[in-house]
Amino acid sequence: MNLLAVEKPARYMGGEMGSIRTVDADVRVALAFPDVYEVGMSHLGLRILYHILNEAEGIAAERVFAPWPDMETEMLAARSPLATLETATPLAACDIVGFTLQYELSYTNILSMLRLSGIPLLASDREESYPLIIAGGPCAYNPEPLAPFFDAVLLGDGEEATLEIALAVREAKKNGENKARLLERLSQIEGVYIPSFFEPKYTSDGTLSEIAPLKSDYTSVRRRFLADLNSAPYPDSPVVPFMKTIHDRVAVEIARGCTRGCRFCQAGYVYRPLRERSPETILNVIEKSLKATGYDEISLLSLSTGDYSCITPLVTELMARYAEDRVAVSLPSLRVGSLSDELIDEIKKVRKTGFTLAPEAGSDRLRRVINKGICEADLVTGAAAIYHAGWRLIKLYFMIGLPGETADDIAQIAILARQVKDQAKGSGVSGDVNVAVSTFVPKAHTPFQWEPQISSQETTDLQYQLHCDLKKRKLKFKWQDAPLSFMEGVFARGDRRLAPVLIRAVELGCRFDGWREHFSLQRWQQAFVDCGVEPEWYLRRRASDEILPWDHLDCGVTKKFLLDEREKALAEAATKDCRDGSCSACGVCDFTVVTNRISPPAELPQRQNITAVESTAARMRLRFSKTGVMRYLSHLELITVFTRAVSRGDVPILFSLGFHPHPRFSFGTATSVGVESQAEYMDMIVAAGITAPEVQERLNAVLPEGLRILDSEEIDAKSPSISTLIDATRYRITLAGADPNELMKQCEQFLAQSTFVIRRTKKGQTQAVDLRGETVSLRADGHTIELVAKRGKPVEYARAITGIESLQGDDIQVQKLEVIFAPIPDQSAVFGSSTYW
């Protein structure tokens, strides 16, 4: 597959630092994320499972992501099946393909990935030779729209169960068991749902009459619980992408579960009980992860990071350890009620971008309905403290369409947002407020699972009202498009009758529906019509005694508790946080194995900081090769790789001054993407005391395959930059289908010309380049051109010499063999005693 034909080759290269390639394995698992690489590589669950499975003997876990439309086009044209990044194994040749169900609008990508793999979509159509197709993740709590496509679905925590599934498949392979026997074996694993073991039946009005179990001893499936998060395995050497991802940092899950009980929040119910990692464990993971990755930011993750029992001492210790190392700490989910002055004082030491708060509703009354647990006064006081600490931007998140919402609740959103902005005045700063509003989508296993979702027209009307209200108050407004919320709502509470709609939508070209530029409401409407399905029916109110599509799936929280919470919502009554011991009787805990596990306050281990000693700088000049898939790295991605490598290799790099310091290194002229090179150059400024061979050795120990430091030398700190010294470059250009005699003749004709001027246009500017005048030497050798030139791109020379204007970078093979340096006055050479290296 030619990666030069796609927008971002790094999505498909593989070979990243930290990736694990196992050639021989008893069981090969493809961890499939149904979105683009930079989204999937930011997903913590995928990192955890990749680590756990690859630690097990005989099991190889590999990654695969949804190819962007440009790559899908290339794959179809080349008839190349979707394959894993690590070993390029086609998905159809794996033993298990496990999809992450993260978001309803990624469902078409799942089917698209199966199609690109040559795997039949329906489980009932797959023969014994095909891999086991499984899924897990948040949307697994109502997988029914996807049920016909999956052999098995995992409900709940995956750390233990995923390994048990892989071991069961290995045992089944060893015993020569068929698919039917394997499914029986998997059904014995706690948390594993086999959709084919249940048959939904419907009444004449379209509602479910029953979800009939086909096995007498398998009538419902209870989710899997990980009892102790603190002792669970966690990756401290994750894969480090070449390209920028959505969350480009060390991410550590400090707690799982939430006890706040917000009635709209599915995660708050399906991830119960609350389990915290100890501060000691967190600090240890962070220490190892920073060393292994070279990242310069730490993110502390949980549903409500500010509620972590040891959050203030933990952040204090992290700041003490890493502030001098220029490592930032981010806390992405903070509640207003958890913002102590001490915590704000610590957080303000990091780089300040925006501070996010989620009131969810505009009025105190509606926040009581949803059991948010904060009032207007809390929010205003918290905003004042945030502005006073130095932030200039506060982001506020609200929802529209919540149960019991009135026009006054909507009007209060703009009023409250303006009150927050006004707090900046008292702190002597000019504060900004960004207001983001999403449409409430009722989710399974929540007290609001019976409630209706507002229509697309109602959503649009409310958004327009908010746009006007916020504009009058000079506040910025962002919203989610109504059709996207509509589609999310349909599938969030859908049933198996939506599976044909998904198949038809994919046939019509639906992909990446969560991306605004790719979503097509028209195609979806056509799919619904073609399948005779009215999507609005799925947004309706459900009767409290109605059989719901997910009633045979048990998340641990009882239906009685959810109904009681629904009644309390109507009465605007609160349910207290159970972390203080006041049990709300939700049904999750058995108070022995499954129970809240909260880290007690403890004296945190302090790292012995090495006092920074001011040292003189040394300048190192390095020559390195870029071969294999590494030739597809862009210049910015190459900078990212070396930024990570100097940290991973413990190279004492010096940093620039300023608010956003950067490593002090510079590269020679950027080589075009797709060109292999034996002559890439860079200078780096390091602390004196380390030798050039030591720098070379440390970098080579951590750089990925295809990047290698070939030579190193310490040079005078005042030497000219590399780019000013380059006189010419020697290339070898291979044209596989060229006639050798004709190519020789074409080179002679090119050299016979006095000039050959081309014009480039970039950003509206036209530049003339005389390729003949820039040519130092040129000759043909078989199918190759040996070229030495001062300026100009190899593909431009190939077009000029052959006369084929349509030649592209993927039509030729280019090797950069040598850089020729101009002599330097008063110095014998740039490197050693020669102008060549």
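The values are calculated or read from the model by the stated rules, or taken from the named source; none is laboratory data. Keep in mind that what you see is a predicted model, and the values were worked out from it rather than measured. For neighbour counting, all protein chains shown are included, and Cβ atoms are generated from backbone atoms with ideal geometry for every residue, glycine included. All accessible areas refer to the heavy atoms of the entire protein, side chains included, with ligands and DNA or RNA removed. Shrake-Rupley method; radii C 1.70, N 1.55, O 1.52, S 1.80 Å.
With respect to the stated conditions, Ser309 fails to be at pLDDT 90 or above, under 23 Å from Ser42 (Cα atoms) and of a type outside the set (Lys, Arg). Criterion applied to Glu805, Glu796 was being closer than 26 Å to Asn2 by Cβ and assigned to a helix (DSSP H, G or I), and the one residue passing it is Glu796. Here is the figure for region 515-545: residues that are in contact with a Phe, Trp or Tyr (Cβ under 6 Å, 6 or more places away or on another chain) and closer than 22 Å to Gln480 by Cα total 2. Would you check if there is a residue in region 374-394 being touching a residue at least 40 places away in the same chain (Cβ under 8 Å), open to solvent by 10 Å² or more (accessible area, probe 1.4 Å), within 15 Å of Phe440 (Cβ to Cβ) and not in a helix (DSSP H, G or I)? The answer is no, given that none of the residues of region 374-394 is touching a residue at least 40 places away in the same chain (Cβ under 8 Å), open to solvent by 10 Å² or more (accessible area, probe 1.4 Å), within 15 Å of Phe440 (Cβ to Cβ) and not in a helix (DSSP H, G or I).
Scanning region 440-465 for residues that are surrounded by fewer than 18 Cβ atoms within 10 Å (Cβ to Cβ) and in a loop (DSSP other than H, G, I, E, B) yields Pro452, Ser455.
Return a yes/no flag: does region 15-36 have any residue that is under 24 Å from Glu705 (Cβ atoms) and in a helix (DSSP H, G or I). Within region 15-36, not a single residue is under 24 Å from Glu705 (Cβ atoms) and in a helix (DSSP H, G or I).
Is it the case that Leu539 is touching a strand residue (DSSP E or B) at 6+ places or on another chain (Cβ under 6 Å) and either open to solvent by less than 20 Å² (accessible area, probe 1.4 Å) or among the aromatic types (Phe, Trp, Tyr) (or both)? Answer is no for this residue. Considering only region 284-320, state which residues are in contact with a Gly (Cβ under 9 Å, 6 or more places away or on another chain), within 19 Å of Leu274 (Cβ to Cβ) and in a helix (DSSP H, G or I). Result: Gly306, Asp307. Among the residues of region 47-56, those that are in contact with a helix residue (DSSP H, G or I) (Cβ under 8 Å, 6 or more places away or on another chain) and open to solvent by 10 Å² or more (accessible area, probe 1.4 Å) comprise Leu49, Ile52, Ala56. Which residues, taken from region 257-277, are open to solvent by 20 Å² or more (accessible area, probe 1.4 Å) and more than 19 Å from Ser582 (Cα to Cα)? Phe264, Cys265, Gln266, Ala267, listed by residue number.
State yes or no: is Gly118 modelled with pLDDT of 95 or more and either under 28 Å from Cys555 (Cβ atoms) or in contact with a Gly (Cβ under 6 Å, 6 or more places away or on another chain) (or both)? Answer is no for this residue. All of Arg511, Arg504, Arg523 fail the test of being in contact with a helix residue (DSSP H, G or I) (Cβ under 9 Å, 6 or more places away or on another chain), open to solvent by 30 Å² or more (accessible area, probe 1.4 Å), within 15 Å of Asn109 (Cβ to Cβ) and not in a loop (DSSP other than H, G, I, E, B), apart from Arg523.
Thr729 fulfils the conditions (1) in contact with a Ser or Thr (Cβ under 9 Å, 6 or more places away or on another chain); (2) open to solvent by 40 Å² or more (accessible area, probe 1.4 Å) except for a single criterion, (2). Leu570 meets each of the listed conditions (1) more than 32 Å from the chain's Cα centre (by Cα); (2) crowded, with 16+ Cβ neighbours inside 10 Å; (3) of a type outside the set (Gly, Ala, Ser) apart from (2).
Scoring Val97 on the criteria (1) surrounded by fewer than 21 Cβ atoms within 10 Å (Cβ to Cβ); (2) part of a strand (DSSP E or B) leaves a single failure, condition (1). Here Arg760 passes the criteria (1) among the basic types (Lys, Arg); (2) at pLDDT 95 or above; (3) assigned to a strand (DSSP E or B) except the one numbered (2).
With the requirement that a residue be free of Cβ contacts under 8 Å to residues at least 12 places away in the same chain, more than 20 Å from Pro500 (Cα to Cα) and of a type in the set (D, E, K, R), what does region 109-168 give you? Result: Glu127, single match. Touching an Asp or Glu at 6+ places or on another chain (Cβ under 8 Å), among the hydroxyl-bearing types (Ser, Thr, Tyr) and assigned to a loop (DSSP other than H, G, I, E, B): does that describe Ser333? In short, no. Do we have Leu154 as out of contact with any Cys (no Cβ under 6 Å at 6 or more places or on another chain), among the hydrophobic types (A, V, I, L, M, F, W, C) and buried (at least 23 other Cβ atoms within 10 Å of the Cβ) here? Yes: the conditions hold for Leu154.
Consider Val329 carefully, then state whether it is over 30 Å from Gly401 (Cβ atoms), among the aliphatic types (A, V, I, L, M), crowded, with 21+ Cβ neighbours inside 10 Å and at pLDDT below 90.
Details: over 30 Å from Gly401 (Cβ atoms): yes; among the aliphatic types (A, V, I, L, M): yes; crowded, with 21+ Cβ neighbours inside 10 Å: yes; at pLDDT below 90: yes.
In short, yes.
Here's a check for you: in region 57-77, which residue that is outside any helix (DSSP H, G or I) and in contact with a helix residue (DSSP H, G or I) (Cβ under 6 Å, 6 or more places away or on another chain) is farthest from Asp157 (Cα to Cα)? Among residues in region 57-77 that are outside any helix (DSSP H, G or I) and in contact with a helix residue (DSSP H, G or I) (Cβ under 6 Å, 6 or more places away or on another chain), the one farthest from Asp157 (Cα to Cα) is Ala66. Taking the condition open to solvent by less than 20 Å² (accessible area, probe 1.4 Å) and not acidic (Asp, Glu), does Leu318 pass? The answer is yes for Leu318.
Only residues that are free of Cβ contacts under 8 Å to residues at least 60 places away in the same chain and open to solvent by 40 Å² or more (accessible area, probe 1.4 Å): list them for region 5-26, please. Explain how you work it out, then say what you get.
Quick first cut of region 5-26, residues free of Cβ contacts under 8 Å to residues at least 60 places away in the same chain only: 24-25.
Hit for region 5-26 is Asp24, nothing else.
Restricted to region 710-726, and to residues there that are out of contact with any Lys or Arg (no Cβ under 8 Å at 6 or more places or on another chain) and crowded, with 17+ Cβ neighbours inside 10 Å, the residue that is nearest to Gly809 (Cα to Cα) is Ile726.
When Ser124, Ser80, Ser106, Ser129 are screened for being surrounded by fewer than 18 Cβ atoms within 10 Å (Cβ to Cβ) and assigned to a helix (DSSP H, G or I), only Ser124 passes.
Of the residues Arg272, Arg260, only one is within 13 Å of Tyr308 (Cα to Cα) and touching a residue at least 60 places away in the same chain (Cβ under 8 Å); which? Show your work before the answer.
Values: Arg272 fails: within 13 Å of Tyr308 (Cα to Cα).
Every option except Arg260 fails the conditions.
Exactly one residue out of Val490, Val437 is among the β-branched types (Val, Ile, Thr), part of a helix (DSSP H, G or I) and buried (at least 20 other Cβ atoms within 10 Å of the Cβ), and it is Val490. Filtering region 750-779 to residues that are open to solvent by 90 Å² or more (accessible area, probe 1.4 Å), without any contact (Cβ under 8 Å) to a residue 12 or more places away in the chain and more than 19 Å from Val795 (Cβ to Cβ) leaves Lys763, Gln765.
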